[in-house]
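The values are calculated or read from the model by the stated rules, or taken from the named source; none is laboratory data. This structure is a prediction, so every number in the text was calculated from the model and none was measured. Using ideal geometry, Cβ is built from the backbone for each residue, glycine included, and neighbour counts are taken over all protein chains shown. Areas reflect the complete protein model, heavy atoms only, side chains present, ligands, DNA and RNA absent. Shrake-Rupley method; radii C 1.70, N 1.55, O 1.52, S 1.80 Å.
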Amino acid sequence: MKPKVFITREIPENGIRLLEKEFEVEIWEEESEIPRDVLLERVKDVDALVTMLSEKIDREVFENAPRLRIVANYAVGYDNIDVEEATKRGIYVTNTPDVLTDATADLAFALLLATARHLVKGDKFVRTGEWKRKGVAWHPKWFLGYDVYGKTIGIVGFGRIGQAVARRAKGFGMRILYYSRTRKPEVEKELNAEFKPLEELLRESDFVVLAVPLTKETMYMINEERLKLMKPTAILVNVARGKVVDTRALIKALKEGWIAGAGLDVYEEEPYYNEELFSLENVVLTPHIGSATFGAREGMAEVVARNLIAFKRGEVPPTLVNREVIKIRKPGFF
């Protein structure tokens, strides 16, 4: 009898095909997020669970899932999962690093460029017919933005995604600053990057890109006090987690000109609506699409499947998050 896996949202077909060879697969096929009560009911007889960032996987879920042995998160981040509680119960937790790194770094740079050069504002100007109505083909003072090439970028969080952003910045001839919990001398040498304390990085950077995981330490790390350290011509880009930034303080900073603009792909709550933020023209907004390329999303689906298949075969999953769980329970459904 095959072990049973429940997938809380339809993932790309390549991952499902791999899983169907080894598992009995059930999928929540609605576009909407799975209701909490339905999730608690559906996990009662599952051996494995594939989850999205939007699902809170906590003690209540574990208590409703006596057979559950592994949670494969379809994301690189896993702040939606109580990893400590999972480990205590001998439940393995995996994620999908690497495969979405370049896609997310690309989006970070897209947001940086779009904000710096008023791309959304310009697009609206053309689409609404305002350009035609003005009857002026070109004006020396229209849509003046900020140079990117040769400027200083500060990257907060220098893991896979942060380093990928730095590689793109290197191609733009930028001075690269970074802040991280630990220094990375080899990467500094490769990318000609300089380590800076966070406050210094904020003061010196023309562009600040956030690429940190959400932890107790990074919660609202970009607050009013730190936004005031930034240059009035600086642009903030967030492809990390929404709660890394105090949104109220950011709105104030954008309205009062503490900084020039922001590009946001993540928000404190998702889906998100904030009329005050959305009314501002110096912010570019995308709906959490950092990994939204065919290649990245299919790669994530394959990593999820490979993790579950390895576990089924009694092997340690390739991208295991809580390695200490191995001491509590060996991999495998038994």
Checklist entry - Using the alpha-carbon atoms, what tilt in degrees (0 to 90, nearest 10) does helix 247-256 show relative to the longest principal axis of the chain? => result 10 degrees
Item to check | Using a Förster distance of 22 Å, the FRET efficiency for E315-K88 (Cβ separation, nearest 0.05) | outcome: 0.45
Next on the checklist: Leaving ligands and nucleic acids out of the surface, order Y179, Y149 by accessible area at 1.4 Å, largest first.
Outcome noted: Y149, Y179
Checklist entry - Which order do W28, W142 take when ranked by solvent-accessible area (1.4 Å probe, heavy atoms of all protein chains), largest first? => result W142, W28
Item to check | nm² value of the averaged projected area, convex hull over the Cα atoms of the range 66-208 | outcome: 13.1 nm²
Item to check | DSSP-loop trypsin sites (Lys or Arg not before Pro) across the range 211-320, with at most 13 other Cβ within 10 angstrom | outcome: K216, R313
Next on the checklist: Which of the three applies to the range 155-301, rounded, prolate or oblate, going by the alpha-carbon gyration tensor with a ≥ b ≥ c and a/c under 1.5 meaning rounded?
Outcome noted: oblate
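Within 10 Å, count the other beta carbons around each residue, average over each peptide in 131-140, 57-66, and list them highest first.
Ranked by mean Cβ neighbours within 10 Å, highest first: 57-66, 131-140.
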Next on the checklist: Which of L214, L280, L236 ends up with the largest GNM mean-square fluctuation for the chain, with Cα atoms connected below 10 Å?
Outcome noted: L280
Checklist entry - If R0 is 56 Å, what FRET efficiency do you get for L144 and D37 from their C-beta distance, rounded to 0.05? => result 0.60
Item to check | Set K56/K312; K151/K231; K216/K255; K121/K243; K151/K255 screened for pairs whose C-alpha atoms are more than 18 Å apart | outcome: K56/K312; K216/K255; K121/K243; K151/K255
Checklist entry - When the chain is fully extended, how far beyond the present Cα-Cα distance does E29 get from I289, taking 0.36 nm per residue of separation? => result 91.6 nm
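Show me 258-271, 108-121 ranked by packing, highest mean number of other Cβ atoms within 10 Å first.
Top to bottom by mean Cβ count within 10 Å: 108-121, 258-271.
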Checklist entry - Taking Cα atoms, how many degrees apart are the long axis of helix 160-171 and the longest axis of the chain, rounded to 10 and kept between 0 and 90? => result 30 degrees
Checklist outcome for this item: Within the chain, the percent of DSSP beta bridges that are antiparallel, given to the nearest 5, stands at 0 percent
Next on the checklist: From the P(r) of the chain, could you give the percentage of C-alpha pairs in the tail past 34 Å?
Outcome noted: 32 percent
Checklist entry - Add -39500 (n - 2.57) for each DSSP H run of 4 or more in the chain, then divide by its residues: what number comes out at 222 nm, to the nearest 500 deg cm²/dmol? => result -10000 deg cm²/dmol
Checklist outcome for this item: Which of V283, V316, V71 fluctuates most in a GNM of the chain (C-alpha springs under 10 Å)? That residue is V316
Item to check | Amide H contacts of L236 (H built 1.01 Å from N, under 5 Å, at least 5 apart or other chain) | outcome: V208, G261, A262, G263
Checklist entry - the range 67-102: which trypsin sites (Lys or Arg not before Pro) are DSSP loop and have at most 15 other beta-carbon atoms within 10 angstrom? => result R67
Checklist outcome for this item: Helix 294-312: inclination vs the chain longest Cα principal axis, degrees, rounded to 10, gives 30 degrees
Checklist entry - Using a Gaussian network for the chain with springs between C-alpha atoms less than 10 Å apart, which of these wobbles most: M221, M230, M300? => result M221
